[in-house]
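The values are calculated or read from the model by the stated rules, or taken from the named source; none is laboratory data. Being a predicted model, the structure only gives us computed values, none of them experimental. Here Cβ is always computed from backbone atoms with ideal geometry, including for glycine, and neighbour counts include all displayed protein chains. These accessible areas exclude ligands, DNA and RNA; they are computed on the full protein's heavy atoms, side chains included. Shrake-Rupley method; radii C 1.70, N 1.55, O 1.52, S 1.80 Å.
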Amino acid sequence: MEESQLREALAEQDAVLGSRRTRRRRRIAVSAVVIVAVLLVPIGWFATRGKPDGDAPMAAAEACIPMPLGERMRQVLDLGASVVVAGGTLTGRTGPDGPYHHEMTLTAVRTLAGPALPDGTKVWVDTPQLPPLKGDTMARGNPGPLWGPGGALFGFVFPPAATNSPLGVTVIQSPVVGDQVIFGSSGGCWDVRSVGGTPFHGPLTEIPGSGTYVRAAEAGFTAVPLTTVEQLLPR
């Protein structure tokens, strides 16, 4: 083979190998995007489980991927959940499903969207086991449930089919005070930055001994009119 022919053959081989390397890089890049997309599947924000022994406690709401509240509500409705305003009263029953949960009875239920829930519906709300407040860096801003006067709450109520919870029906909630929903300013499931609101500094009710209010108050609270929240619901 003459030298010129050899150079042409080598150049052609390099071109073929370069094309293969490019295609391989593209496949790797596409695979990486698919993996990231799977990791960001929204169902993870309520299905995440922590360990009941306190090794890695994480509440369902703490696993949220930040998302505007209106989009979050559309998402939960697609999963078969109900958006409600109600009063919550603890029954005294507890059970583990990752974090420990407290059973609660919903009363004066007003279903804003999704399947209608009757008064007396039993739901489970998670209460992570947390380390002492001093030096705590976990679950800050949303370590457990809070209620307004009389147990008033705004919540997403999930059927077992949506979460695979062995306990049954579960709820992610925020307190209601008067005509306002009180969201933790740390964001997470309750990302209300796009809807505004005003700072809230009043008292709220917690599970006795949980320390929820003190932890959440460090990040602050944002009060959003319930009418504003309702306007974000899908029509």
| field | J(HN,Hα) series, segment 217-226, from Karplus relation 6.51 cos²θ - 1.76 cosθ + 1.60, nearest Hz, glycine and proline x | value | 5, 4, 7, x, 10, 10, 9, 10, x, 4
| said: Once neighbouring chains are kept in place and the probe is 1.4 Å, which whole percent of the accessible area of segment 183-235 is contributed by carbon and sulfur? | reply: 56 percent
| Using 7 Å Cα-to-Cβ label points, what is the Leu79/Thr91 separation (nm, one decimal)? | 2.2 nm
| task | Amide H neighbours of Ser185 under 5 Å, at least 5 residues apart or on other chains, H built in the peptide plane: list them. | result | Gly220, Phe221, Thr222
| field | Other-chain or far-sequence residues with amide H under 5 Å of Leu112's (modelled H) | value | Val83, Val84, Val85
| note | The FRET efficiency for Ala108 and Gln231, from their Cβ-Cβ distance with R0 = 25 Å and rounded to 0.05, is 0.70
| field | Label zone at Lys122 (point 7 Å along Cα-to-Cβ), backbone N below 17 Å, segment 143-169 | value | 158-161, 165-169
